[in-house]
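**Student:** A single structure is presented below for examination.
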């Protein structure tokens, strides 16, 4: 399970770097700072899954959850969302060293 979470963290980090690179290229080309919101990036890639997520959350949880929580996430820059997801997965998969040390009996 830990290796699966680490792999998910790696994938999220790679997607964050790609999204950040695309935003930086667009920023240089436009001579202004461009940060693509997560919702716009998701809508460009797969609009049907975004609509499915909205209807699923509205039906099974509550419509206000989508309006308050998910809309806020969708307005954040895509690279920041994937960086936060990568960090969260890495923290969950992290294994601390024993307090006694490596050579303790």
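The values are calculated or read from the model by the stated rules, or taken from the named source; none is laboratory data. These numbers come from a predicted model, not from an experiment. Heads up, the Cβs are rebuilt from the backbone with ideal geometry, glycines too, and the neighbour counts pull from every protein chain shown.
**Student:** For the structure I just gave you, tell me whether residue 63 is modelled with pLDDT of 90 or more and not assigned by TED's automatic domain parsing to the domain that holds residue 1.
**Tutor:** no
**Student:** Touching a residue at least 40 places away in the same chain (Cβ under 8 Å), in a helix (DSSP H, G or I) and over 25 Å from residue 94 (Cβ atoms): which single residue out of 44, 67, 40, 23 fits that description?
**Tutor:** Just a single option satisfies the conditions, and that option is 23.
**Student:** Keeping to the stretch 68-90, report how many residues are over 17 Å from residue 20 (Cα atoms), loosely packed, with under 14 Cβ neighbours inside 10 Å and in contact with a helix residue (DSSP H, G or I) (Cβ under 9 Å, 6 or more places away or on another chain).
**Tutor:** Residues in the stretch 68-90 being over 17 Å from residue 20 (Cα atoms), loosely packed, with under 14 Cβ neighbours inside 10 Å and in contact with a helix residue (DSSP H, G or I) (Cβ under 9 Å, 6 or more places away or on another chain): 2 in total.
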